[in-house]
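Computed from the coordinates by the stated procedures, all read-outs in this text should not be read as laboratory data. For clarity, every value in this text was computed on a predicted model and none was experimentally measured. For neighbour counting, all protein chains shown are included, and Cβ atoms are generated from backbone atoms with ideal geometry for every residue, glycine included.
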Amino acid sequence: MSEEEGISYFNREDYRHALEIFLENLEEAVNSGDRARIAYNANLAGMCLHFLHNHNEALKYFEMALSNTEGIDNDKVQTNIDEVKRFVERMNRDLEELNERIEAEEDKEKKGILLSNRGLVQYLLGNNELAEQDFRMAERIFRDLNEPIALGAIFSNYALLYDDMRKLDYTYLALDIFVQEGHIKGQVDAYHTLALYYLHQNELNEALYFLKKEMELADDIEDVELKRRMYELAADISMDLGNMEDAMKYTEQASKV
């Protein structure tokens with residue numbers, strides 16, 4: 001497959017499919033001895049792995065890219081390496097702090113929030129089993145306290161851990177709660193998660209449906225980057241569906257965010 005196809009998946013935040021293509025192209029480049037192509041695909045593979053929270057593997061591919069680049073391209077790859085290392089160091093510091101705070105916290109609700117936060121840090125470090133353990137403990141606390149919005153947030157957290165039907169199940173559970181409680185931010189995040197899920201399954205009409213649901217709440221979205229991505233994805237999908245008028249409309253909206 002071409003690098004362009006990998007980039008198209010990458011731009012849609014479908015890092016798993018993009019990674020498969022970049023690794024396939026990387027193998028071809030290694031066999032042919034094409035250093036520029038090795039560097040290009042290794043660097044993109046490293047970025048995919050970083051976004052998939054497999055940071056050690058990401059660094060291996062960045063090092064491969066680094067050894068096959070020179071000049072400004074070499075500097076760009078080194079920047080990626082430095083950013084990944086800083087990210088992991090920061091997450092590990094946060095983890096240490098959260099461990100201490102959880103141990104000392106006596107308030108049940110605050111402990112649930114801290115456990116949820118620690119689970120998110122574990123997820124970002126690629127430790128999904130440990131993340132799920134923290135989410136389970138937080139879920140028990142919020143159920144006991146009858147805190148529906150916090151419980152919805154935990155369901156959203158569970159959804160992060162999966163790429164199969166469990167992602168849908170947990171996201172719909174979260175969405176039901178957020179709709180009942182009138183929690184706009186939770187609804188926006190849930191609709192975006194659903195849109196990406198269906199987009200990664202190449203079910204474009206379903207993906208666009210949930211993006212439109214998200215757009216209905218656009219005036220209440222404070223996350224500028226999320227809003228921009230929403231319109232960009234809608235434009236991309238509309239173009240694939242052959243609706244150029246909508247694609248242009250969404251592209252214009254993205255440029256105004």
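The Glu89 and Asp246 beta-carbon pair, evaluated with R₀ = 41 Å, returns a calculated FRET efficiency of approximately 0.40. Straight-distance candidates among the lysines for linking to Lys108, with alpha-carbon spacing under 25 Å and chain neighbours fewer than 8 residues away dropped: Lys185. Ranked for footprinting exposure by Cβ neighbours inside 10 Å, fewest first, Lys60, Lys227, Lys213 give Lys60, Lys213, Lys227. Taking every C-alpha pair closer than 8 Å and separated by at least 6 residues, the mean separation divided by the residue count of the chain gives a relative contact order of 10 percent. This ranking places Val84, Val179 by how few other beta-carbon atoms lie within 10 Å of each, fewest first, which gives Val179, Val84. Per residue, the Cα convex hull of region 184-252 amounts to 70 Å³. Is the chain rounded, prolate or oblate when judged by the Cα gyration tensor, a ≥ b ≥ c being the square roots of its eigenvalues, rounded requiring a/c under 1.5 and prolate requiring a/b larger than b/c? Taking the square roots of the gyration eigenvalues as a ≥ b ≥ c, the chain is oblate. Note on Lys60: lysines with a C-alpha under 17 Å away, same-chain residues under 8 apart excluded, are Lys76, Lys85.
Two decimals is fine: what is log10 I(q)/I(0) at q = 0.11, 0.18, 0.23, 0.27 Å⁻¹ for region 1-66, from a Debye sum with one equal scatterer on every Cα and no solvent? Log-scaled intensity ratios, in q order: -0.20, -0.54, -0.87, -1.14.
A Förster radius of 45 Å combined with the Cβ-Cβ distance from Glu100 to Ser67 puts the calculated FRET efficiency at roughly 0.65. Report the label-to-label distance for Glu20 and Asn205 in nanometres (one decimal), using points 7 Å from each Cα along the Cα→Cβ vector. In this crude spin-label approximation the distance works out to 2.4 nm. Under 13 Å from a label point 7 Å along Cα→Cβ of Arg140: give me every residue in region 100-120 with its amide N that close. Label zone hits: 112.
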